[in-house]
Structure formats: structure tokens, C-alpha cells
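Working notes, beginning with the structure itself.
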Amino acid sequence: RLKSYAELPQEPALTLPSDQQLIQNQHWPSRGEVSFNNVHLKYREKTDHVIKGLTFTAHPAEKIACVGRTGAGKSSILQALFRMVEIDKQAVPDCSITIDGVDTSTIGLHTLRKHISIIPQTPFVFMGTVRTNLDPLNEHTDEEIKLALQEINLWEYISTLPNGLNTEMSNTASVFSVGQKQLICLARVHLQNNKILVLDEATANVDFETDNFIQRKIMERFRDSTVFTIAHRLSTVANYDRVLVMSK
């Protein structure tokens, strides 16, 4: 088993020399246009493609909902976007994913992933304090964090905790409900303020009221960003610009 782990194929480069130039000169991504061009994707060498020839464009600031039955490839779109799995350029040389016209396969993984925000299906909290959860890379002031929490109506609750922003989140079940943890994830992407936001059935595990609140906040706060949502409730996608239906 150790031998098989030691021989796993290496992930592509985390950062590339050209990344810095791209961000400084072009302020990439400045518009947030995402294009999938004839995308084919498979998870393992000798298996079938799970995405076969997917082509669509999410225009800047457009809100797109993705629906389809289980196994239709909805989450695979996100895997491809974040390059958790590489698209099959060997079998289909013309397949590509571009953001603002730049092929994502030419960008370092860290650079790419840092510029796309995600609210995952299961609210993800790290070991550590509320503060380190919202700002793991320590890029924001306490004031900015406080404003983000006020925006999502969570500051009032956190300010009543004995340690405030320094409350340990190691045992979150006793401090926060599932809905509140999802709001923590919302505050995290609020601080990142990226041009592209992805929601992976982010409200599947919360009540109807919290779902509506999160959707409303996203529409307000990210009206200039491109939003791509994998949805399971019709009410979630009612206000979106377009719906992408995945079949088979």
C-alpha cells in the first residue's frame, strides 16, 4: 500500500512564474466569465467519461443554476473547474475550460483555486478559532471580519460568546448549529470577495428560512460576480438567470 501511495501521479504545479504577471497586468479574473468547451472528464484511466462534450458559457455576473439527477455529472463540473480532476485533453485535444479567456490548465493550482470561492454542501469548519476559520491566511483586519459577520446576522451571536472571535471551533456542535456553520462559510466567501462563486448544494442541509436568507445574501452581495449553483430545490433557482440541465 505504501508503494502504491508513493507512486501516485504528482499534481501539476501549485504556482507558475506566469501567474504573477497574469494577476498584476490583467487583474485576472476581472470579469468572471467561465467557458467550458467540449469538456470530457473521467476519474480513472480505464473508465468511461462522466462528462461527455459539455459546452456552456457563464457570462460575467450571470447566475447559473445546475440541476439534474444523481450521477448526471453536476459535481464533476466543480471538480473540473477547481482542477481536482484534470479534463481529458489526451483523448479530446480541443477540450478546455477558460476563465476570462485564460485556459485554466496554464495556471498554477493555488492561483486558480484562490480566485474561485466555494460554499460546500457540508459546512466545512477548520480546527481553531472563529477568526482563523473566516480568515485562514490572516489577510483581513478584525474590523473587516466583524463587518462580514454583521452582514450575515451572526455578529450579534458571536459577540455574546465569552471569547468572541477567539472562540474555539474544535467542538463546533456545542457552539454552532448546522445553519450557523453554513453562515460561517458564507462569511468566509464574503471576505474573499472573488469574481466567481460556486455553491455545491450549499443549502441541502439547512432549513427553508436559512436557505432563503443565504440565497438572498448571495444575490445582494455577489451581484457583480458569476455564481454557479448546484441546486436541489426549485425555490433556490427561481431567481437565477439560466438553468443548466444535466441529463443521463
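Of note:
- Restricting the range 194-248 to residues that are among the basic types (Lys, Arg) and within 22 Å of Lys114 (Cα to Cα) leaves a set whose member that is most open to solvent (accessible area, probe 1.4 Å) is Arg223.
- For the range 70-93, a residue qualifies if it is free of Cβ contacts under 8 Å to residues at least 40 places away in the same chain, open to solvent by 30 Å² or more (accessible area, probe 1.4 Å) and of a type outside the set (A, V, I, L, M, F, W, C), and the qualifying residues are Thr70, Gly71, Gln79, Lys89, Gln90, Pro93.
- Some residue of the range 67-83 being part of a loop (DSSP other than H, G, I, E, B) and within 16 Å of Lys114 (Cα to Cα): yes
- In the range 148-188, the residues that are part of a loop (DSSP other than H, G, I, E, B), over 26 Å from Glu220 (Cβ atoms) and polar (S, T, N, Q): Asn163, Thr167, Ser170, Asn171
- Qualifying residue in the range 100-113 (condition: touching a strand residue (DSSP E or B) at 6+ places or on another chain (Cβ under 7 Å) and hydrophobic (A, V, I, L, M, F, W, C)): no
- Scanning the range 35-46 turns up no residue that is open to solvent by 50 Å² or more (accessible area, probe 1.4 Å), more than 18 Å from the chain's Cα centre (by Cα), closer than 26 Å to Lys195 by Cα and without any contact (Cβ under 8 Å) to a residue 12 or more places away in the chain.
- Pair list, Cβ under 7 Å, 6 or more apart: the range 226-248 residue more than 19 Å from Leu81 (Cβ to Cβ), other residue open to solvent by less than 60 Å² (accessible area, probe 1.4 Å) and basic (Lys, Arg): none
- Qualifying residue in the range 175-183 (condition: under 30 Å from Gly73 (Cβ atoms), in contact with a strand residue (DSSP E or B) (Cβ under 8 Å, 6 or more places away or on another chain) and either surrounded by 19 or more Cβ atoms within 10 Å (Cβ to Cβ) or in contact (Cβ under 8 Å) with a residue 24 or more places away in the chain (or both)): yes
- Contact annotation: residue pairs with Cβ atoms under 8 Å, 6 or more positions apart or on different chains, pairing a residue in the range 101-115 that is of a type in the set (Lys, Arg) with a partner that is at pLDDT 90 or above, are Arg113/Phe82; Arg113/Arg83.
The values are calculated or read from the model by the stated rules, or taken from the named source; none is laboratory data. In this text, all values refer to a predicted model and were calculated from it rather than measured experimentally. Quick reminder, even Gly has a Cβ in these numbers, built from the backbone with ideal geometry, and neighbours come from all protein chains shown. Heads up: the accessible areas ignore ligands, DNA and RNA and are worked out on the full protein's heavy atoms, side chains in. Shrake-Rupley method; radii C 1.70, N 1.55, O 1.52, S 1.80 Å.
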